[in-house]
Amino acid sequence: MTDFPFNTSYWFDSQIATSPSLSGAQFADVAVVGGGFAGLSSAHHLKSSKPDLSVALVEAKHIGFGASGRNAGWVLSLPPVHWLLDDFDDPRRLGDIRWTSQFCRNNIVQLGRWVANEAIDCAWTPSRHLLAARNLLEVAALRWIMQRYEAIGQHCEFFEKEKMTRLVGYPAIAGMAYEFVSVQPYRLARGLRQRCLDQDVRIYENTPIQTIRSTSRGVQLIAADGATLTAEKVILATNAYTNSLMLDAEIPATSTQHTYMLATEPLKPDMLDRISQTRTPFGDPALSFYIGRIFENRLIFNGIDRASRATPEDDRHLPSFVKLHREMLRRFPFLESVSLAGAWGGAVQQTPSDAPIVRRSKSNPNVILNIGYGGGSGVGMALLSGQLTTGLVLERGPIDNDAQRLRTLLANSRFPRMGPVRAVFGVLRKMVFG
Ligand SMILES: Cc1cc2nc3c(=O)[nH]c(=O)nc-3n(C[C@H](O)[C@H](O)[C@H](O)COP(=O)(O)OP(=O)(O)OC[C@H]3O[C@@H](n4cnc5c(N)ncnc54)[C@H](O)[C@@H]3O)c2cc1C
């Protein structure tokens, strides 16, 4: 199949109402660049902490245009995923990772309460993510992952083969599930946009910022059409698109990665039953990367990570869609005659340690970096990032010790070099000793 129904994101509304774009020369105390989860969370937390602060958020296209409005909608309370490969025999490190996971979980619980109270129409559903093992190596990997998840406070459940036939419709010999929340991500971004507007955050959409430079009056954002916004501080939340900015602040080395998604047409109940009788979201135990969920009677299937640039051409990278579609049919051959309703991709900014970068720029401390949310636990981490950026903007006021602790952990995060070796030995030990 090569005629994929490409769109920017299947989740978007057909008509998207946007706020006016930036015009003339505007001023604010704080400007946020980027209207994804990281930017929205930053604007909201700032206004909650200091309601009289004037905060403006500028978005190149529309709120949720980037990864936040394109992702699979899995809100995980996991720390940066590479941390799971770390040395858990070190009680201090384990304590930090467990605490980070709990911090994330608390934020998700609070967000869930807000979604319920405000009746935000974003299909917020506490659910379970099932990892399905198809061979003995994957079973061993799954047992190893489960041990790690439980060590950081994730409640897990193990399933034998008999139960698996109801949970996922491809041959799996064992499985493990842990708790997460599934969501319609673009709708959540829209809800957060409205929350910001209700707090008097000024939102400018359809305003690509080209240049960010320091002037005697503050940090100036210059849009493609010449409109300007000058602010005392700027929070940069542009993720995969950061490198296209002209900026007088250093950006740490990162890479860009693309992930791809497919949505089928609505499926009949018997077909849905063959995918999963219980409609449980499923995926692989990390040896390969494919996940799926049922949403409004459609299968939403995604996977494939490849190094990329954040361009529309990469969003439509045909070989990736062909491979993804083939994989979907390999698992569910009965979907051969089913047509697709959407095919889309999106980019994330990947740091070497998988930890986002949340700190003041070293060369320009009035620019606060809130970038580097990758594909693993990016949604959960970006959604809590406002708690971290607020303390970097408001230099006076009560100190948030938790935010400070998490910022320090993120800043000191390195890829655990022995991690892959640890994983291989851990999985082999599970294979031999169970
Ligand atoms: C296909 C896909 C599936 C994924 N699935 C999951 C998942 O299920 N669970 C999970 O945890 N993570 C997932 N992720 C990762 C997750 O979506 C991201 O980590 C997270 O959304 C990043 O949020 P953000 O706000 O940092 O970035 P973004 O959402 O990309 O927001 C950045 C915003 O900045 C704007 N912008 C950029 N440049 C400028 C400029 N010059 N001027 C003005 N505005 C600008 C962009 O238009 C964009 O809206 C997935 C990612 C993709 C692409």
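Tell me what the chain gives for mean residue ellipticity at 222 nm when only DSSP H runs of n ≥ 4 count, each as -39,500 (n - 2.57), the sum divided by the residue total, rounded to 500 deg cm²/dmol.
-10000 deg cm²/dmol
Hey, what did the chain get for relative contact order, percent, Cα under 8 Å, at least 6 apart?
25 percent
Can you give the net charge of the other residues whose Cβ lies under 13 Å from the Cβ of Val115, counting K and R as +1 and D and E as -1?
My count for the surroundings of Val115 gives +2.
Cα to Cα, under 27 Å, and not fewer than 8 places away if on the same chain: which lysines meet these conditions relative to Lys268?
List returned: Lys161, Lys163, Lys323.
So which GluC sites (Glu not before Pro) in region 96-205 pass both tests, a DSSP loop state and at most 13 other Cβ atoms within 10 Å of the Cβ?
Filter output for region 96-205: Glu118.
At a threshold of 8 angstrom on Cα-Cα distance, excluding pairs fewer than six apart, so keeping six or more, what relative contact order does region 298-402 reach in percent?
Relative contact order, region 298-402: 19 percent.
Roughly how large, in nm² to one decimal, is the mean projection of the convex hull of the alpha-carbon atoms in region 21-104?
7.7 nm²
Which of the aspartates and glutamates could be linked to Lys233 by a straight reach, that is with a Cα gap under 19 Å, when you skip same-chain ones fewer than 8 residues away?
Partners found: Asp29, Asp52, Glu59, Asp200, Asp248, Glu250, Glu395.
Excluding residues on the same chain fewer than 8 positions from Lys430, give the aspartates and glutamates whose Cα lies under 20 Å from its Cα.
Those aspartates and glutamates meeting the cut-off are Asp86, Asp87, Asp89, Glu138, Glu150, Glu157, Glu160, Asp284.
For the chain, what mean projected area does the convex hull of the alpha carbons give, in nm²?
20.5 nm²
At 7 Å along the Cα-to-beta-carbon direction for both Glu296 and Leu137, put a label point, then send me their distance in nm to one decimal.
Going by the 7 Å Cα→Cβ label model, 3.9 nm.
Rounded if a/c is under 1.5, else prolate if a/b is larger than b/c, else oblate: which is region 80-136, with a ≥ b ≥ c the root eigenvalues of its Cα gyration tensor?
Taking the square roots of the gyration eigenvalues as a ≥ b ≥ c, region 80-136 is oblate.
Calculate the radius of gyration of the Cα atoms of region 1-144 to one decimal place, then report Dmax, the largest Cα-Cα distance, as a whole number, both in Å.
My reading of the Cα-based Rg and Dmax gives 20.0, 63 Å.
Give, to the nearest whole percent, the P(r) tail of region 340-434 beyond 18 angstrom, counting all Cα pairs.
It works out to 60 percent of all Cα pairs.
Take the alpha carbon atoms of region 160-275, find their radius of gyration, then divide it by 2.2 N^0.38 Å using N residues; give the quotient.
For region 160-275, the normalised Cα radius of gyration comes out at 1.70.
What ranking do 68-81, 50-63 get when scored by the average of other Cβ atoms within 10 Å per residue, highest first?
Per-residue mean Cβ counts within 10 Å order the peptides as 68-81, 50-63.
Based solely on C-alpha atoms, express the radius of gyration and the Dmax of region 121-169 in angstrom.
12.8, 41
Would you tally the net charge around Glu150, using a Cβ to Cβ cut-off of less than 13 Å, leaving Glu150 out, and scoring K and R as +1, D and E as -1?
For residues surrounding Glu150, the net value is +1.
Laboratory data are not the source of any read-out in this text; all were calculated from the coordinates shown. This one's a predicted model, so the numbers in the text were calculated from it and none came from an experiment. Don't worry about glycine lacking a Cβ; one is built from the backbone with ideal geometry, like all the others, and counts go over all protein chains shown.
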